[in-house]
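Q: Okay, here's the structure, questions in a sec.
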Amino acid sequence: MQQDVREIDEKVRRESGVIERITGEIEKVIVGQRYLLERLLVGLFADGHILLEGVPGLAKTLSVKTLAQSIAIGFQRIQFTPDVLPSDVTGYNQYDIQTGTPRFVPGAVMSQIVLADEINRCSPKTQSSLLEVMAENQVTVDGVTHPLPQPFMVLATQNPIEFVGTFPLPEAQVDRFLLRVSMGYPSHEDNIRILQTHLAGQPVLSLNA
């Protein structure tokens, strides 16, 4: 019994060290958003998806990209607009003239961390293309199922104060997200640190995966 407790304690310390290392790397780039970073890691380790809400300019996209780079896994960003089609997200079958058979062309979700930027700006039909992806970690095109690479997480952003030309997410899709995180403005001190950090160069280039 005591050996089991020691093993669990050792594992907790080891995993905590990994989390602190990842957080430290991300904070080389993202300043004053500890609350956000902790929840990004919760979503990653809990195998869940996250909905990020905040006005433009709060580093939502940069935070997600930095997370992917800090742990050296695949990252793909989808800029949602009304003309984005479901096949742009999931992929489609293309007829191969040489072989005479259909060939699957992967969509943007065929990555490990997928950023659905301004998800409420695309049509409900395109939004629905993420339902199977987020619930089952797979894509079905023309009756053929394609598993997604692991680990896999969708992070979606939306502007909570501007709704002109947007399509509100249905409750069925909001339910797919493990966490809903609202981002606020950085403090005056954090703004100074942001300027000092980013005027000195590109901190994202110094990350160690």
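Q: Quick check on region 47-56. Is at least one of its residues surrounded by fewer than 16 Cβ atoms within 10 Å (Cβ to Cβ), within 16 Å of the chain's Cα centre (by Cα) and of a type outside the set (G, A, S)?
A: Scanning region 47-56 turns up at least one residue that is surrounded by fewer than 16 Cβ atoms within 10 Å (Cβ to Cβ), within 16 Å of the chain's Cα centre (by Cα) and of a type outside the set (G, A, S).
Q: What pairs come out if I take residues in region 112-129 that are farther than 23 Å from I73 by Cα and pair them with residues that are assigned to a strand (DSSP E or B) and modelled with pLDDT under 90 whose C-beta lies under 7 Å away, six or more apart or interchain?
A: Every condition considered, the pairs that remain are N120/Q158.
Q: Among residues belonging to region 139-177 that are over 22 Å from S87 (Cβ atoms), open to solvent by 90 Å² or more (accessible area, probe 1.4 Å) and not acidic (D, E), point out the one that is modelled with the highest pLDDT.
A: Q150
Q: Just one of (1) open to solvent by less than 30 Å² (accessible area, probe 1.4 Å); (2) within 18 Å of P149 (Cα to Cα) trips up L37, so point out which.
A: That leaves (2) as the condition not met.
Q: Return the residues of region 57-80 that are in contact with an Asp or Glu (Cβ under 6 Å, 6 or more places away or on another chain) and either of a type in the set (F, W, Y) or crowded, with 21+ Cβ neighbours inside 10 Å (or both); say none if nothing qualifies.
A: S70, F80
Q: Something else now. Restricting to region 81-99, and then to whatever is within 22 Å of the chain's Cα centre (by Cα) and charged (D, E, K, R), can you tell me which residue is surrounded by the fewest Cβ atoms within 10 Å (Cβ to Cβ)?
A: If we take residues in region 81-99 being within 22 Å of the chain's Cα centre (by Cα) and charged (D, E, K, R), then D83 is surrounded by the fewest Cβ atoms within 10 Å (Cβ to Cβ).
The values are calculated or read from the model by the stated rules, or taken from the named source; none is laboratory data. Predicted model, so just to flag it, every value in this text is computed and none were measured. With ideal geometry, Cβ positions are generated from the backbone for all residues, glycine too; neighbour counts draw on all protein chains shown. To get the accessible areas, we keep the full protein, side chains included, count just its heavy atoms, and leave off ligands, DNA and RNA. Shrake-Rupley method; radii C 1.70, N 1.55, O 1.52, S 1.80 Å.
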